[in-house]
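Everything below concerns the one structure shown next.
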Amino acid sequence: MNRYDLDGRVAIITGGAGGIGKAIAQRMLQSGAIVELWDLDKASLTKAANDLAVGDTKPGIRIVDVTDQHSVESSTETCARERGRIDILVNNAGVLGEVKPIHETDPANFRRVIDINLTGTYLVTRSILRVMLAQGDQPNRGRIVNISSIQGKEGMPMAAAYAASKAAVMALTKVVAKETAKNGIVVTAVTPAAALTAMAAEMSPQRRDDIRSRIPAGRFVEVDEIANLVTWLSTDDCSFSTGGIFDISGGRATY
Ligand SMILES: NC(=O)c1ccc[n+]([C@@H]2O[C@H](COP(=O)([O-])OP(=O)(O)OC[C@H]3O[C@@H](n4cnc5c(N)ncnc54)[C@H](O)[C@@H]3O)[C@@H](O)[C@H]2O)c1
């Protein structure tokens, strides 16, 4: 396994107690980063941090609801004060929501999915970017990686809110990238195919089989494969790809 160089970088991973977030945290810790997991509840955060502990080294944890502006801003302020800086943000918190044809869906579900997946990404980016922009002390000073989805590119029957939210996350990525391109901040997104995390467990076996059959590689993506890509995107080696949308869909993507 290659060791990426993230020595001393401070990284925040939202949704860090979940399957993909934990895998990203592990890879970043192995690469020398100081990692904070942000998620909704203490029990799952504590478990994730203990699972990821190597000797005395383990990620920090913070209870943050990404849809709550006050929670996001006060957490950003405390994190920046305690750690001295913030170098990397991974906007990973997300939910799938209802799996139904659009005419049967509940508008409250649609709003909730957009609120977490899109507005949450906006609120955390807005808050942490202010810290990054104030850190004018080195050429490559900020990395933001947004976890979108192949469903945002391709559309997917019975996932209107999810697919729309993830398409919007790609547009948001490009906007923030253009706004910060001269500031040494690199903003990218990844579009994974399905991985077998808690999110996949919310689907019926038939739905999972249908999704797998759409992946030319014939299998689900491993969370470690996503973590490798996200970690590389967070290094100084990824220096001229701002606004890039990085595919990790086993050949499913058609653009
Ligand atoms: N699993 C897949 O097939 C897949 C594929 C493509 C993209 N993704 C994306 O990857 C990301 C991680 O998903 P996962 O598969 O690890 O799912 P997961 O359910 O294991 O993890 C998601 C985490 O987000 C947290 N979260 C939800 N709402 C939150 C909020 N308001 N504030 C803070 N945290 C919140 C949850 O508590 C959970 O720990 C999501 O954005 C998801 O859309 C997943």
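Taking N2 as the residue in question, decide whether it is surrounded by fewer than 20 Cβ atoms within 10 Å (Cβ to Cβ) and either over 16 Å from T121 (Cα atoms) or touching a helix residue (DSSP H, G or I) at 6+ places or on another chain (Cβ under 6 Å) (or both). Criteria met by N2.
Of all the listed residues (L37, L29), the sole one being closer than 23 Å to V113 by Cα and among the hydrophobic types (A, V, I, L, M, F, W, C) is L37. For I86, the requirement of being modelled with pLDDT of 95 or more and in a loop (DSSP other than H, G, I, E, B) is met.
Are any residues in the range 13-31 crowded, with 21+ Cβ neighbours inside 10 Å, out of contact with any Phe, Trp or Tyr (no Cβ under 6 Å at 6 or more places or on another chain) and either among the β-branched types (V, I, T) or assigned to a helix (DSSP H, G or I) (or both), and if so, which ones? Scanning the range 13-31 gives I13, I20, G21, K22, A23, I24, A25, R27, M28.
Screening R214, R219, R141, R208 for residues that are within 11 Å of the ligand (Cβ to nearest atom) and surrounded by fewer than 23 Cβ atoms within 10 Å (Cβ to Cβ) leaves exactly one candidate, R208. Once the range 182-202 is narrowed to residues that are near the ligand (Cβ under 6 Å from one of its atoms) and not in a loop (DSSP other than H, G, I, E, B), the residue that is modelled with the lowest pLDDT is A200. Output the residues belonging to the range 79-125 that are free of Cβ contacts under 8 Å to residues at least 12 places away in the same chain and under 30 Å from D7 (Cα atoms). Listed by number, the residues that qualify are R81, E82. For the range 15-33, state whether one or more residues are at pLDDT 95 or above and over 24 Å from E225 (Cβ atoms). Looking for residues that are at pLDDT 95 or above and over 24 Å from E225 (Cβ atoms), one finds none in the range 15-33, hence no.
Candidates are the residues of the range 40-59 that are more than 15 Å from the ligand (Cβ to nearest atom) and small (G, A, S); the one that is farthest from V113 (Cα to Cα) is G55.
Taken over the range 86-135, the residue count meeting the criterion of being polar (S, T, N, Q) and within 10 Å of the ligand (Cβ to nearest atom) is 5. The condition of being more than 16 Å from the ligand (Cβ to nearest atom) and at pLDDT 95 or above holds for only one of A164, A177, that being A177.
The values are calculated or read from the model by the stated rules, or taken from the named source; none is laboratory data. Note that the structure is a prediction, hence the values are computed from the model and not measured. Ideal geometry is used to build each Cβ from the backbone, glycine not excepted, and the neighbour counts take in all protein chains shown.
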